[in-house]
Structures are given as structure tokens and as C-alpha cells.
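Data first, discussion second: the structure below is written as C-alpha cells.
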Amino acid sequence: MKTIHAEAAQLPFATQIETVVMSTPLPDIHTHLYAPAFRELLLWGIDELLIYHYLVAEAFRYLDVPYEKFWAMPKPEQAGLVWQHLFLEHSPISESCRGVLTTLHALGLDVKKRDLPALRSWFAAQDADQHITHCMELAGVKKIYMTNSPFDELERPVWETGYRQDERFQACLRIDPLLLAWPETAVALARWGYAVEAGQPGQKTFDEVRRFLAEWTKRMGAAYVMVSIPPDFAFPAKNATSQLIEKCVLPHCREFGLPFALMPGVRRAVNPQLRLAGDGVGLSNLTALQNLCAGFPENKFMVTVLARENQHELCVLARKFRNLHVFGCWWFTNVPYLIEEMTRMRMELLGLSFTPQHSDARVLEQIIYKWQHSRRIIAKVLVEKYSILAQTGWQVTPEEVERDVQGLFGGGFERFCRK
């Protein structure tokens, strides 16, 4: 185990903790980023940062442009409107706006000038491959876990023609259409040579879906299988979703030793006119998760819940089921107030047996601000917890701090995956 830098060891203990938290390399275990081989799917640069759906939704709080007109604009024009309304006409104090500024500042760019053309020129001069490495270094990220869907028409051909592994990126198999839109997905699977039926699935269909999952897991070298599910997801249930999970996904995960990652709480297309920015949040029924963990103890489940109101129940479930690993604060919970609240609650209920954060980044440079902001919050909570321990007479050593932080920053996740 590496030790704290010699100079850090001479600092006050709180500063030592902050130093370790801010400098420990980690895997970003869930993102929407892509390796360069996926070409246009890898999003980066100032315009992509500005038209990220978090900022678009916020900008429409001020914009009086019709939705259709906005979407018909070229990306630079959309980005210019977001810049004008969120950064020039109003102070950029939201977490999404602050994140853009943190990122630009970390990259050495002068945000005081408020010069969008100059920012564009800087990004245009960057080499994409070198820029990826630089962003990872600034974020302290040693590996990026992708979200990979065989059902994506832009992504699928890259895998089929032979994706050459990029050691900086780890594939993960996303199967939302398989579980949430079975009739339509069955048609696609049949077209690809799998003998499935579009109606209520039977054993032949289950076998073919298992073959599909096995082939794509091997092709990708997937680290886990994942799905984002609506708040009203129920298990068990008399529907195709429940049957495909029980008869296909869970046996597949057991066979390959993979966790099944569930992300409950998304209400899709609350406002369809906002497109990707139009999704909302709902209170999830975690009885389904309880039933999965209890009914399939040989399966491993990774879970991050979107609604704040579900966080306490999720922690309690994790206390009851060792095959459940809690991770991250995503989307609407990825704001400092809630990250701190959730991290503190998880430590108080679960100790150190969870992964406090993942970036959920969709634009490359976002890993910089999401990890810089989150690390500071995690450090603050750890300082508080170690200080409370000291009041009992229990003195935590610098080496123990390093051990704990390494566990929070990927070590615990990796052990969970190996079980």
C-alpha cells in the first residue's frame, strides 16, 4: 500500500485526510463516456459542456425560444444561448454552471474574460487522445467505466467491426431496451439472428436471450450488466420485464460472475419537448430490490437510487443484504447539499462498505469538476467522522486513512465484483 506523501504526513491530521482524498487515484465506475474509437459518441469541448442536458433544462427557465427552434439550431448556436443566459445575464451559481467553470479553471483557462470564442479556439487545438489522458489526470481517474448498448445504432457497428481495447476504458453492458421495450427489441433480436418471439417469452426465447447476453458480454469484456428502471418497477411480476430478469439476466450474471446494476427512479420524458433534458424523478418501490436480493442471494446487485426520499431505505436494505452494493450520487442527487447528506448517512449506516460516488459524466471534461467537487465533500465528511472517533479515544493512523479511502475509491467495489 502506498503511503501518504512525506510532506503531507507533517500536516495537521485534517489536512492529511484531505490530501489523501484529493490525490487517491480511482476508477469512475459509471459514466456515459466513450473511448476514441467510438468517434462522435465521445463528447468533449466547450460547446458540448454548455449543451449538456442539465444546463439546457436550466437555460429554458429563462429562454423564450420555442423548443423546436432551439433544437433546429447548430450546436454552437445552442451553446451560445446557454452561455448568454446562464453565464452572462445571470451569475452561474447552480452546480451545473459552477461545474463548467471549475473544469475550465482546472484546464488553465481564464474564465474571467467570459470569452466563448477563445474557449472554443483552445478546445479546437487539443488532440483528443492526449486530452482524454489530461482530463483523467486532473480528475484523478485511472479507469473510465463506459455505458455500452448493443441496441445503439452508432455504437453497435464499432463492436461488430472489432473494437481495439483502450486500457483507459472499461465496457459495461447496458440492456434497457431488452427489459423495458421487449416487443420492439424482440423484432431487432430476430433480425440479428436470435430465434425469439415478440409475445410473452417462453423457454426458447429465454435461451436465445441468454445467448445474446453471453455473446455481447464476451465481445465487450463487460464488467457488469446494467439497466435504468422506472419508479414503479416491480419484481416479481407477471410481465416480460420480470421474466427476462429472472430467466435470463440473473442466470447470466451468475454464470459470468457479474453484478447486475440497477438505477431506479427515472421518469422518462416528463417534458418530451426538452428531449434528453426532459426526464424527471419519482419515488421508487424498493420492495422489488428487496425481493431480488432476498430471492437470489448468489447474485450481486449494484444500486444507486435517483430520488432523495429512497436513500435511507436503500441504506437499510444494504445492511440486510451483503449482495447489495450501494454506489454514487447521480443526476438530480449530484449536488453538494445532497452528496454530503447521502455520504454522511451511508457512513453512519454502512461504515465504509459502499462506493460514495461515480461521475455519470456524459461529456469528457465533466469528470474533472464532478470528482473535484465530490472529493472535497467526501473529505469533509471523513474529517468529521475521524474527529468523532478521536473523542472516544480511538486514534486513526495515516495508514488507516489511506486504507479507508482506497476502499471507498474503488477498492470496495472491486472486492464486491470479485466475490
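The values are calculated or read from the model by the stated rules, or taken from the named source; none is laboratory data. Owing to the predicted nature of the structure, the values given are computational and were not obtained by experimental measurement. Positions of Cβ are generated from backbone atoms using ideal geometry, with glycine treated the same way; all protein chains shown enter the neighbour counts.
Things worth noting here:
- Among (1) closer than 23 Å to Leu364 by Cβ; (2) assigned to a loop (DSSP other than H, G, I, E, B), the one test that Leu86 misses: (2)
- Qualifying residue in the stretch 399-416 (condition: touching a residue at least 40 places away in the same chain (Cβ under 8 Å), over 29 Å from Arg254 (Cβ atoms) and outside any helix (DSSP H, G or I)): no
- Restricting Arg164, Arg174, Arg120 to residues that are of a type in the set (Lys, Arg) and at pLDDT below 95 narrows the list to Arg164.
- When Arg114 is tested against (1) more than 20 Å from the chain's Cα centre (by Cα); (2) at positive phi; (3) surrounded by 19 or more Cβ atoms within 10 Å (Cβ to Cβ); (4) not β-branched (Val, Ile, Thr), exactly one condition is not met: (3).
- One residue stands out in the stretch 236-253 among those that are surrounded by fewer than 20 Cβ atoms within 10 Å (Cβ to Cβ) and hydrophobic (A, V, I, L, M, F, W, C): the one that is farthest from Trp182 (Cα to Cα), namely Leu250.
- Residue in the stretch 137-161 that is farthest from Val405 (Cα to Cα), counting only those that are at pLDDT 95 or above and polar (S, T, N, Q): Ser149
For (1) of a type in the set (S, T, N, Q); (2) out of contact with any strand residue (DSSP E or B) (no Cβ under 6 Å at 6 or more places or on another chain), each residue gets a yes or a no:
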residue	(1), (2)
Ala14	no, yes
Glu18	no, yes
Asp28	no, no
Thr31	yes, no
Pro36	no, yes
Glu48	no, yes
His85	no, yes
Cys97	no, yes
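- Looking only at the stretch 102-153, and only at residues there that are of a type in the set (D, E, K, R) and part of a helix (DSSP H, G or I), the one that is farthest from Pro92 (Cα to Cα): Asp129
This table checks each residue for (1) in a helix (DSSP H, G or I); (2) within 18 Å of Pro231 (Cβ to Cβ); (3) of a type in the set (Ser, Thr, Tyr); (4) at pLDDT below 95.
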{"position": "Ala277", "(1), (2), (3), (4)": "yes, no, no, no"}
{"position": "Ser284", "(1), (2), (3), (4)": "no, yes, yes, no"}
{"position": "Leu289", "(1), (2), (3), (4)": "yes, yes, no, no"}
{"position": "Pro297", "(1), (2), (3), (4)": "no, no, no, no"}
{"position": "Leu306", "(1), (2), (3), (4)": "no, yes, no, no"}
{"position": "Asn310", "(1), (2), (3), (4)": "yes, yes, no, no"}
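- For the stretch 93-111, taking the residues that are among the small types (Gly, Ala, Ser) and within 20 Å of Phe60 (Cβ to Cβ), the one that is surrounded by the most Cβ atoms within 10 Å (Cβ to Cβ) is identified as Gly99.
- If you go through the stretch 159-175 and keep only what is surrounded by fewer than 18 Cβ atoms within 10 Å (Cβ to Cβ) and of a type in the set (D, E, K, R), you end up with Glu160, Arg164, Asp166, Glu167, Arg168.
Conditions (1) in a helix (DSSP H, G or I); (2) among the acidic types (Asp, Glu); (3) within 27 Å of the chain's Cα centre (by Cα); (4) modelled with pLDDT of 95 or more, marked per residue:
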position: Glu184; (1), (2), (3), (4): yes, yes, yes, yes
position: Gly193; (1), (2), (3), (4): no, no, no, yes
position: Gly199; (1), (2), (3), (4): no, no, no, no
position: Phe212; (1), (2), (3), (4): yes, no, yes, yes
position: Glu215; (1), (2), (3), (4): yes, yes, yes, yes
position: Arg219; (1), (2), (3), (4): yes, no, yes, yes
position: Met226; (1), (2), (3), (4): no, no, yes, yes
position: Phe233; (1), (2), (3), (4): no, no, yes, yes
position: Lys247; (1), (2), (3), (4): yes, no, yes, yes
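- The listed residues are Leu50, Leu63, Leu26, Leu33, and the only one of them that is more than 26 Å from Ala125 (Cα to Cα), crowded, with 22+ Cβ neighbours inside 10 Å and either in contact with a His (Cβ under 7 Å, 6 or more places away or on another chain) or at pLDDT 95 or above (or both) turns out to be Leu26.
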